[in-house]
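The next block holds one structure in the form of structure tokens; read it before the comments.
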Amino acid sequence: MNGGDGGDVAAAPAGPPPPLEWKFSQVFGERTAGEEVQEVDIISAIEFDKTGDHLATGDRGGRVVLFERTDTKENIGSRRELERMDYSVSRHPEFRYKTEFQSHEPEFDYLKSLEIEEKINKIRWCQSSNGALFLLSTNDKTIKYWKVQEKKVKKISDMNIDPSRAVGNGSVASSSVSSSPKQCLANGGYADRSLNCLSNDLSFPPGGFSSLRLPVVVTSNETSLVARCRRVYAHAHDYHINSISNNSDGETFISADDLRINLWNLEISNQSFNIVDVKPTNMEDLTEVITSAEFHPTHCNTLAYSSSKGSIRLIDLRQSALCDSHSKLFEEQETPGSRSFFTEIIASISDIKFSKDGRYILSRDYMTLKLWDINMDSGPVSTFQVHEYLRPKLCDLYENDSIFDKFECCLSGDGLRVATGSYSNLFRVFGCAAGTTEATTLEASKNPMRRQVQTPSRPSRSLSSSITRVVRRGSESPGVDANGNSFDFTTKLLHLAWHPTENSIACAAANSLYMYYA
């Protein structure tokens with residue numbers, strides 16, 4: 001009745017959301033103390049589907065493992081119905097192993113004398129239909145389109161004749177499974193005349209042999225998950241594929257390598273269109289490479305890609321067939337006098353992600369995480385320092401190749417927080433709402449708050465998650481940061497993903513998949 005009062009209440013300024021308290025949920029593939037991790041088991045990709053009911057991981061051995069959510073299936077009725085009944089849905093997401101399949105095998109390019117690893121670089125879920133799940137997976141060179149579906153198991157139940165009538169020919173049926181060797185003649189005949197069905201003196205009675213025994217195949221109630229590769233998109237990239245991204249139109253996707261971005265139709269595997277090409281006529285003039293690319297979540301004509309020089313370009317596919325020019329350029333100007341040998345290396349963007357509404361782009365370079373408003377290209381709206389305490393150690397990081405680690409990043413579904421991994425199996429969650437100082441450091445273990453550090457006086461906004469590189473021993477001995485926490489460059493939290501609708505994070509620590517909720 002009183003509309004004015006309601007308007008006043010709605011207009012009252014709300015403070016920043018309180019920091020989340022993260023709790024351990026599950027772990028898959030947990031290592032025992034002292035257990036050595038096999039290289040092929042290290043997780044190299046994590047991705048939730050749009051509903052959040054399925055989770056996929058890829059590893060260095062070329063396998064894709066699928067998990068499905070179980071806690072929602074146990075509740076009767078939909079979430080909306082439960083909310084109408086004022087039922088508190090307080091359970092956190094729980095997942096179980098669903099299936100796995102070998103997506104890629106190691107290959108060898110004989111023309112270039114080049115070994116192609118089976119390691120899964122990226123996984124992207126596609127639209128599901130008729131109860132089947134569809135996803136794209138890629139290694140360095142080849143993208144595959146997979147269909148995963150439950151199929152009913154077919155079994156041989158019975159023979160179609162009365163066994164008592166099978167006199168002489170019963171042994172013919174059993175001969176197919178008999179282990180005793182028989183001397184075979186031409187045309188499938190046998191030396192044994194009683195079994196020589198194809199001999200010339202054999203006459204067929206009218207209507208055939210009534211004692212012929214044929215198996216009856218029936219469909220049982222048992223089901224098994226079958227993964228089938230529907231299409232293979234190959235021979236389109238001269239350099240290593242670093243990104244794949246689905247379009248919101250549900251029909252196309254892009255794949256990006258160091259110098260080119262190609263546009264594909266899901267239904268057509270033998271043709272793609274080159275939409276971005278940064279390869280110079282003379283390779284000596286090459287100054288930057290493409291590091292990541294992603295489609296806008298709702299505008300099917302818009303995509304963004306990042307470069308090794310720290311810039312993000314927004315392009316419109318309606319402008320031209322080959323998008324040489326960008327519609328917007330996002331880059332932060334270098335502070336005068338701050339340039340060093342490492343400036344360009346640590347400025348390279350390793351990952352970009354659009355927010356769910358497409359308004360913001362989150363980018364990750366080696367030291368910082370930046371949030372960009374696509375309507376404001378003058379600079380980032382927020383900058384988060386990921387591990388600033390490593391800046392004095394850039395020389396060491398360069399020597400052991402850690403400075404080239406490619407960290408990923410992710411945003412929460414509501415856009416209020418961002419997350420990323422770091423060294424020593426740590427990952428960080430930061431609030432990006434106005435006025436918030438949320439900056440939480442967690443460890444990928446069953447006790448995530450064990451390595452909790454105090455929030456600094458000024459917001460230390462940081463995020464990171466890295467793709468695994470070959471671990472080198474040597475000068476990587478664990479050190480201690482300003483907060484008293486040890487850091488170890490050999491243990492990197494490489495990949496993580498935020499549930500699309502809930503405050504739940506899945507992250508990979510070597511071969512283990514940890515899940516947390518708040």
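The values are calculated or read from the model by the stated rules, or taken from the named source; none is laboratory data. Worth saying up front: this structure is predicted, and the values here are computed from it rather than measured. We place every Cβ from the backbone using ideal geometry, glycine too, and count neighbours over all the protein chains shown. Ligands, DNA and RNA are excluded from the accessible area calculation, which covers all protein heavy atoms including side chains. Shrake-Rupley method; radii C 1.70, N 1.55, O 1.52, S 1.80 Å.
Can you send over the carbon and sulfur percentage of the accessible area for segment 233-352, probe radius 1.4 Å, protein chains only? Intermediate results must be reported in sequence, preceding the final value.
Working: 2770 of 5790 Å².
Answer for segment 233-352: carbon and sulfur cover 48 percent of the accessible area.
Entry for segment 306-387 at q = 0.19, 0.25 Å⁻¹: log10 I(q)/I(0) = -0.86, -1.31, Debye formula applied to identical alpha-carbon scatterers, no solvent contribution. Heavy-atom accessible surface of Lys112, to the nearest 10 Å², is about 110 Å², with a 1.4 Å probe and all protein chains retained.
Roughly how many debye, to the nearest 20, is the charge dipole of segment 324-403 about its Cα centre, given +1 on each Lys and Arg Cβ, -1 on each Asp and Glu Cβ, and no other charges? Mind showing how you got there, number by number?
Values: 9 positive and 14 negative charges, 59 e Å.
Dipole about the Cα centre, nearest 20: 280 debye.
In the complete set of protein chains, residue-level accessible area for Ser382 is approximately 10 Å², probe 1.4 angstrom.
Sorting Leu411, Leu225 by accessible area puts them as Leu225, Leu411; the probe is 1.4 Å, largest comes first, and only protein heavy atoms count. Over the Cα atoms of segment 219-265, the radius of gyration divided by the Kirkwood radius equals 1.21; this is the Rg/Rh ratio. The H on the amide N of Ile116, modeled in the peptide plane, is under 5 Å from the matching H of Glu107, Phe108, Asp109, each at least 5 residues off or on a different chain. Largest accessible area first, the listed residues Tyr360, Tyr305 line up as Tyr360, Tyr305 when surface is computed with a 1.4 Å probe on the assembled protein chains. In plain terms, the bigger the Kirkwood radius, the slower the diffusion; for segment 215-331, with that radius from Cα pairs, at 25 °C and 0.890 mPa s, Stokes-Einstein puts D at 153 µm²/s.
Approximating the spin labels as points 7 Å out from Cα along Cα→Cβ, the Asp357-to-Ala132 distance works out to 3.7 nm.
Using the Kirkwood formula on the Cα atoms of segment 325-365, what hydrodynamic radius do you get, in angstrom to one decimal? The answer is 12.4 Å. Reported to the nearest whole Å, the Cα centre-to-centre distance from segment 312-352 to segment 280-308 is 9. Treat each spin label as a single point 7 Å out from the Cα along the C-beta direction, and report the Arg318 to Lys446 distance in nm. The modelled label-to-label distance comes out at 5.6 nm.
A crude spin-label estimate for the pair Leu111 and Ile268, with each label 7 Å from Cα along the Cβ direction, gives 2.1 nm. Take every Cα pair under 8 Å whose residues are at least 6 apart in sequence, average their separation, divide by the length of segment 217-313, and the relative contact order is 22 percent. In loop segments of segment 279-382 as defined by DSSP, the trypsin sites (Lys or Arg not before Pro) with at most 15 further C-beta atoms inside 10 Å of their C-beta are Lys309, Arg318, Arg339, Arg359. Per-residue 3J(HN,Hα) values for segment 246-258, derived from phi via the Karplus relation 6.51 cos²θ - 1.76 cosθ + 1.60 with θ = phi - 60°, read 7, 8, 5, 6, x, 10, 10, 8, 10, 10, 10, 10, 4 Hz in sequence order (x marks Gly and Pro).
Rolling a 1.4 Å probe over the protein chains gives Leu66 an accessible area of about 0 Å².
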